[in-house]
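Take a look at the structure below.
All of the numbers you see were taken from the coordinates with simple rules; none came from a lab. Computed from a predicted structure; not experimentally measured. Cβ atoms come from the backbone with ideal geometry, glycine included; neighbour counts cover every protein chain shown.
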Amino acid sequence: MTEPTVQPSQKPRKRSWLAYAPVLIFVGLGLLFYKGLNTDPSKIPSALEGQPVPNFELPALQGLSIAGVPVEGLASRHLRTGKVSVVNVWASWCVPCRQEHPFLMQLGRNDSIRLVGINYKDKPENARRFLGSLGNPFSRIGADTKGSAAIDWGVYGVPETFIIDREGIIRFRWTGPITEQLLKDVIVPRIRSSQNKARN
């Protein structure tokens, strides 16, 4: 009678951490995506605040004029002329730009500042139609058709608004549309603060 053979005990295999790598990567990407969706871009600090405006020179928006006088383009030198400037980055295809436009019209009537625009990746005819329909609050508009100037300004998306002091230093940046409350509680006080800083 033969004795039954005894199988050698097999040790359980240890799972390599590499087996969990796809799950860990998926969870990590999910957390980053969730954080991105829940981040208010208007609260993202701008590395340019407190710095001089970037050097740029943009041509005029083709075919745009006021009372027969062409509206000139925009360059960094126009923001260092002893007057506080508000720079608004906008586009005709941007729905929030349309929503904030009445408040830019209000700002444009303020003689103590210079309101200028950077028209971002837009077609000239669409930009002209936008301003023809809603009004033009800007004393100058630079056409940033390729978006290169916006990159230098660190623009996340349109609309964005920058307040520049009399010496050409960026004092404040706002990402997103200007609202009536924001204009009253944030933008106007920041403009006054920039005017006072430049005097001191």
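If you count Lys pairs in the stretch 69-200 whose Cα atoms are under 27 Å apart, skipping same-chain pairs closer than 8 places in sequence, the total is 5. Using the Cβ-Cβ distance between residue 193 and residue 99 with R0 set to 22 Å, the FRET efficiency from 1/(1 + (r/R0)^6) comes to roughly 0.30. The overall shape of the stretch 156-200, judged from the alpha-carbon gyration tensor, is oblate: a/c is not under 1.5, and a/b is no greater than b/c. All other residues whose Cβ lies under 15 angstrom from that of residue 64 are scored, Lys and Arg at +1 and Asp and Glu at -1, for a net of 0.
Compared with the rule-of-thumb size 2.2 N^0.38 Å for a compact globular protein, the stretch 46-199 has a Cα radius of gyration ratio of 0.94. Within the stretch 63-200, antiparallel bridges make up roughly 50 percent of the DSSP beta bridges whose residues both belong there. With a Förster radius of 22 Å applied to the C-beta separation of residue 83 and residue 184, the computed FRET efficiency comes to 0.50. Once divided by 2.2 N^0.38 Å, the Cα radius of gyration of the stretch 73-121 becomes 1.20.
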